[in-house]
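Let me begin by presenting the structure, written as structure tokens, before commenting on it.
What follows is calculated from the coordinates using simple rules that are stated; it is not laboratory data. Computed from a predicted structure; not experimentally measured. Heads up, the Cβs are rebuilt from the backbone with ideal geometry, glycines too, and the neighbour counts pull from every protein chain shown.
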């Protein structure tokens, strides 16, 4: 079933790219495997997917210990400062940096490991109190501060759009993100590579691609509904 799900998601990604006049290779599909067993991850790996997203550090580290193949692991959930040391030299990209304090902790731990850690800045585009991320108005100033950290490299922006009834209702938020992305890139901040715009999930990834997402984070549409412990 997972293989069929993935094929359908891939078809939808390709169709969205075509509608937007974009190349399929310009969009990275991240399979979000949170709460799913290693066996399910391997099913998706067998279909050629190499990018996987996890929300929690403990679960990510557990899967990395079991899966030795060279995958690109993305930490897409909130990162607590006391957990930075467990992932800073292991993940391909941290999507959820939303404070200078967190960036400084990444800098400290990356120095110990002699690595440069790529990150995205999380934007709370809907201004929701229940969500992490910074207001879009603070993006440029925070990125300028983080750019001064030698072991932290800003690669772009990430957002989670507010929940909507229909995917089309999220388009305005994604348009705002693309506008912000372009504005930050235009600043040409030294040391900052504005390459990635991570937005769009199972419910709205096609609209996100049409509005410029370079990474989409898709879980349920690939793996099926999640099983949470009661």
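What's the ranking of 4-11, 74-81 by average number of surrounding C-beta atoms within 10 Å, highest first? Before the final figure, lay out the partial values.
Numbers: 4-11: 14.9, 74-81: 20.9.
Top to bottom by mean Cβ count within 10 Å: 74-81, 4-11.
In whole angstrom, how long is each semi-axis of the equivalent ellipsoid of segment 1-68, when you take the square root of 5 times every eigenvalue of its Cα gyration tensor and sort them from largest down?
26, 13, 9
I'd like the Kirkwood hydrodynamic radius of segment 2-223, using the inverse of the mean 1/r over distinct C-alpha pairs, in Å. Walk me through the intermediate numbers first.
Values: mean 1/r = 0.0568 Å⁻¹.
Hydrodynamic radius (Kirkwood, Cα only) of segment 2-223 equals 17.6 Å.
Would you mind calculating the relative contact order of the chain from Cα pairs under 8 angstrom and at least 6 residues apart, reporting the percent as a whole number? Don't jump to the answer; show the numbers that get you there.
Details: 426 pairs, mean separation 50.7, N = 230.
About 22 percent, as a whole number.
List the pair-distance distribution P(r) of segment 74-153, using every Cα-Cα distance, as the percent of pairs falling in each 10 Å bin from 0 up to the bin containing the longest distance, rounded to whole percents.
20, 55, 23, 3
Compute the FRET efficiency between residue 81 and residue 220 as 1/(1 + (r/R0)^6), taking r as their Cβ-Cβ distance and R0 = 45 Å, and round to the nearest 0.05.
On the way: r = 29 Å, r/R0 = 0.66.
Given R0 = 45 Å and the Cβ-Cβ separation, E is 0.95.
Would any residue of segment 84-120 have its amide N under 11 Å from a label point 7 Å out along Cα→Cβ of residue 58? List them or say none.
Residues passing the 11 Å test: none.
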